Amino acid sequence: MGGKPRVAFFDFACCEGCQLTVLGLGEPLIELLEHVEVVTWREAMSEKSEEFEVAVVEGSITRDSDVPRLKRIREQASTLIALGSCATLGGPHVSANRLDQSDLLTMVYGDRAREFEAGEVRPLSAEVQVDIPIYGCPINADEFVSVMKHVLLGRPYRVPNQAVCHECKLNQYECVYDRRQICLGPVTRCGCDAICTSRGHRCFGCRGLVDDPNLNAAREVLEEHGYRVEDILSVFELYATWARPEEGLGIVEPRAAVKSRKGSEPWRFRSSI
Amino acid sequence: MTARRRAMLGEADVWALLERAGKRGPLMAPVKRGRNSFAFEWVEDPGAVALRYVRTVLPPKRAMFPEREAFLRFRRPPGAGAEAVVSEEPYVLFGVHPCDLAAINQLDWAMGRRHEVVDPNYVARRGAATIVGMECLPDEYCFCPSVGTCDTREGADLFLTPVGSGYLAEVLTGKGRELLDGRVSGREASSEEVGEAEAWSETKRRMTSCQVDAEMGELADLLDSRYESQVWEETALRCYSCGTCTIVCPTCFCYDVEDRLDLTLMSGTREREYDSCQYPDFALVAGPHNFREERSDRVRHRWFRKFVRLLREYGKPFCVGCGRCTQSCTAGIGLTSVLNAVIAEARESAA
């Protein structure tokens, strides 16, 4: 690269909250600037440059007309970092994919619906290769710093692949299920340090599903907590829609494995949870 | 007073003991966390200590084997120097139940005696501890009688059993005597009071509602014969691989290591954090090859580790019946349920 690597921030459909999280880093941001040169960052400065090595991209793709811009960024960047749930998973607005597009436009823009463009909401990875995903809504600022260190040293970054339960237990938070509520922690990727359960909330799954989620277990457990089959998908809708959990949850295809073993539950400690 | 082997303390004496322990140095003890959960924590205010609790989220092993721990400070480039980070500051660990004492004894073996190379951080932190044990009553998840841990005293320096409105204190080591000596008043326990303390053991056995349907001596062979059992597959259909069962386990000792650099990029710390054999990447090695890629392989591994391999090596199961794994499994998988299902299969196929 020669000199400091040049970093550029970009955004597509998002609330820009993840970039704001980076801006709010405080001292670590100043220290980071010892090692990198930020050349483009609309949210933070007026200068612009088309020349950079590292692209940090927030937001999801919702319009076909956004795709060429994303592809140009990808061509220029030697490292492309997808920042936050919108860029990595499609974001909360990915649930719009379940609705009819023209209904949706009318709902939002009324008479002027025809003046606007909207398409399938998708993560960056649907269009280009993403080198490092940073999950979260918003991102965990510490993880951003850690990713930048790995990039600066040219080391591979290991994306967390444990469930939120890992960090929740390390912090000794009371289990949400022990409060007789449901929680997506057991199937959601950690890295957030269990921030929601630390504040008495449940996990909403903003970092997406772990690589190999047991959705069969998730469905059974939710059913045992009183969720009807038709409600279970809505629990996953906010962040996991792009991952299409329907099949794993057994909502589109009957779950052969489960059917064959009903009545034999050798693992069960009690008759109900 | 001169400390006696068995002294009767009033509750006020126990608070005074905590106060004194807190003044002397760091104090780790159970405190109430959520609506109904407890945690072993470094306490600033000894008044916040919970004298009665059933179980904590993480076991007290975190005093000597913290869930996250920096153990090396280093500088770059390689060769620029590094120093081990070991804390030997004496501390008091208060309120450890018999099952957790048994687990600490097992970790003493695993981290300090099992291999020629010891874990220096564990050994140093263990040596710095003065441990005050506390008698307890089981709930529906406990099965300490099955695994022979409910009367454990070994590992404690001082052990307290609630008797009447006070506590019977057993002084077990010089450290325990030192903690009591001269600072906390107390009187010699009467034979009735000693009898009442000894009756706890029987009460605990009577109150325990789940059990392992086999003698510990036959367990390893029984499981070994059911390596191919369907129970592992059936349990895996329900298991999230979230790792909770192993993270909260008082006898698990696996950890992962990562180097974390400071923002100067020229120095950093090497840190460890609890790892779990239930994680998909746990057995991922170069290649890449994963020798326990299937969830059912990982499920089986957990029971085989505790009740076959380490049982054969250590002579006792690497499970102390604390019930944490079962209580905290959001999918409702019971450690004894799975174990007993496999035991039943083994007996059936042998018959």
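The values are calculated or read from the model by the stated rules, or taken from the named source; none is laboratory data. Just so you know, these numbers come straight off a predicted model, no measurement behind them. Positions of Cβ are backbone-derived with ideal geometry, glycine not excepted, and every protein chain shown enters the neighbour counts. Note: areas computed on protein heavy atoms with side chains; ligands, DNA, RNA excluded. Shrake-Rupley method; radii C 1.70, N 1.55, O 1.52, S 1.80 Å.
Applied to region B:215-223, the Karplus parametrisation 6.51 cos²θ - 1.76 cosθ + 1.60 on θ = phi - 60° returns per-residue 3J(HN,Hα) values of 6, 4, x, 9, 4, 4, 5, 4, 5 Hz, with x for Gly and Pro. Taking 0.36 nm per residue of separation and subtracting the current Cα-Cα distance, fully stretching the chain between B:Asp262 and B:Arg347 would add 24.9 nm. Just so you know, the Rg over Rh for the protein assembly as shown is 1.02, from Cα atoms, with Rh as the Kirkwood radius. Between chain A and chain B, roughly 4400 Å² of accessible surface gets buried, counting both sides and using a 1.4 Å probe.
In terms of the Cα gyration tensor, with a ≥ b ≥ c the square roots of its eigenvalues, is region B:216-350 rounded because a/c is under 1.5, prolate because a/b exceeds b/c, or oblate?
On the way: a/c = 2.12, a/b = 1.95, b/c = 1.09.
Verdict is prolate for region B:216-350.
Just the protein heavy atoms count here, and of the accessible area of chain B at 1.4 Å, carbon and sulfur take up 50 percent.
Among A:Tyr135, A:Val39, A:Ser60, flag the residue with its Cα farthest along the positive direction of the charge dipole of region A:6-153, charges on Cβ as +1 for Lys/Arg and -1 for Asp/Glu. Checked the options; the winner is A:Ser60. Distance between the C-alpha centres of region B:180-247 and region B:45-112: 22 Å, rounded to the whole angstrom. Here, chain A yields an orientationally averaged convex hull projection of 17.4 nm² when only Cα atoms define the hull.
Taking R0 as 41 Å, what FRET efficiency do you get between B:Val86 and A:Ser46 from their Cβ-Cβ distance, rounded to the nearest 0.05?
Calculated transfer efficiency: 0.20.
Scoring B:146-154, B:238-246, A:124-132 by mean Cβ neighbours within 10 Å over their residues and listing the highest first yields B:238-246, B:146-154, A:124-132. For A:Gly59, nonlocal amide neighbours, meaning residues 5 or more places apart or on other chains whose placed amide H falls under 5 Å from its own, are A:Phe12, A:Leu83, A:Cys86, A:Ala87. Across region A:146-152, coupling constants 3J(HN,Hα) worked out from phi with the 6.51/-1.76/1.60 Karplus curve, θ = phi - 60°, read 4, 4, 4, 4, 4, 4, 5 Hz, and Gly and Pro carry x.
Rounded to the nearest Hz, the phi-derived 3J(HN,Hα) couplings of region B:194-202 under the Karplus curve 6.51 cos²θ - 1.76 cosθ + 1.60 (θ = phi - 60°) are 4, x, 5, 5, 5, 6, 4, 4, 5, where x marks glycine and proline. Taking +1 at the Cβ of each Lys and Arg and -1 at the Cβ of each Asp and Glu, which of B:Gly34, B:Pro280, A:Gln76 sits farthest along the dipole of the protein assembly as shown towards its positive end, judged by Cα position relative to the Cα centre? So the residue furthest toward the plus end is B:Gly34. Of B:Val31, A:Val108, B:Val118, the residue with the largest accessible area leads and the full order is A:Val108, B:Val118, B:Val31 (1.4 Å probe).
Scanning residues 5 or more positions from B:Arg187 or on other chains, those with amide H under 5 Å from its amide H are B:Met8, with H placed 1.01 Å from N in the peptide plane. For region B:46-119, a crude dipole built from +1 on the beta carbon of Lys and Arg and -1 on the beta carbon of Asp and Glu, taken about the Cα centre, is about 260 debye to the nearest 20. Have a look at A:Ser46, A:Ser234, A:Ser146 and tell me which one the Gaussian network model of chain A (Cα, springs below 10 Å) gives the largest fluctuation. Taking springs between Cα atoms under 10 Å, the residue moving most is A:Ser46. Taking every alpha-carbon pair under 8 Å whose residues sit at least 6 apart, chain A reaches a relative contact order of 16 percent.
Counting only other chain Cβ atoms within 10 Å of each residue's Cβ, the peptide B:64-74 averages 1. Protein heavy-atom accessible surface, 1.4 Å probe, per residue over chain A: 47 Å².
Note on A:Leu33 and B:Asp297: with the Förster distance fixed at 60 Å, the Cβ-Cβ geometry gives a FRET efficiency of about 0.80. Counting Cβ atoms of other protein chains within 10 Å of each Cβ in A:104-111 and taking the mean gives 0. A 1.4 Å probe, protein heavy atoms only, puts the accessible area of B:Arg113 near 150 Å².
Once a ≥ b ≥ c are taken as the square roots of the eigenvalues of the Cα gyration tensor of region A:165-229, is the result rounded (a/c under 1.5), prolate (a/b larger than b/c) or oblate (a/b not larger than b/c)?
Oblate, because a/c is 1.5 or more while a/b does not exceed b/c.
Specify whether the C-alpha gyration tensor of region A:115-258 places it in the rounded, prolate or oblate class, a ≥ b ≥ c being the square roots of the eigenvalues: rounded for a/c under 1.5, otherwise prolate if a/b is larger than b/c and oblate if not. Oblate, since a/c reaches 1.5 and b/c is not below a/b. Counted over all Cα-Cα pairs of chain B, pairs farther apart than 34 Å make up 31 percent. Taking 4.7 Å between C-beta atoms as the pairing limit, chain B has these partnerless cysteines: B:Cys136, B:Cys142, B:Cys210, B:Cys239, B:Cys254, B:Cys277, B:Cys319, B:Cys329. Across region A:70-178, the relative contact order, built from alpha-carbon pairs under 8 Å that are at least six residues apart, equals 32 percent. Between B:Tyr227 and A:Arg179, take the C-beta separation as r, use R0 = 25 Å, and let me know the FRET efficiency to the nearest 0.05. Calculated transfer efficiency: 0.05.
Peptide B:227-240 has a mean shielding of 5, counted as Cβ atoms of other protein chains within 10 Å of each residue's Cβ. Amide H to amide H, with H built 1.01 Å from N, B:Val85 comes under 5 Å of B:Leu72, B:Arg73, counting only residues 5 or more places away or on other chains. Evaluated with a Cβ-only charge set (Lys, Arg +1; Asp, Glu -1), region B:231-278 carries a dipole of roughly 100 debye about its Cα centre, given to the nearest 20. Contact residues in region B:321-351 by the 40 Å² criterion (accessible area, 1.4 Å probe, full protein complex versus chain alone): B:Thr330, B:Gly332, B:Ser337.
Dipole magnitude for the protein assembly as shown: about 940 debye, using +1 per Lys or Arg Cβ and -1 per Asp or Glu Cβ, origin at the Cα centre.
A viscosity of 0.890 mPa s and a temperature of 25 °C, combined with the Kirkwood radius over Cα pairs in Stokes-Einstein, give a translational diffusion coefficient for region B:124-182 of 190 µm²/s.
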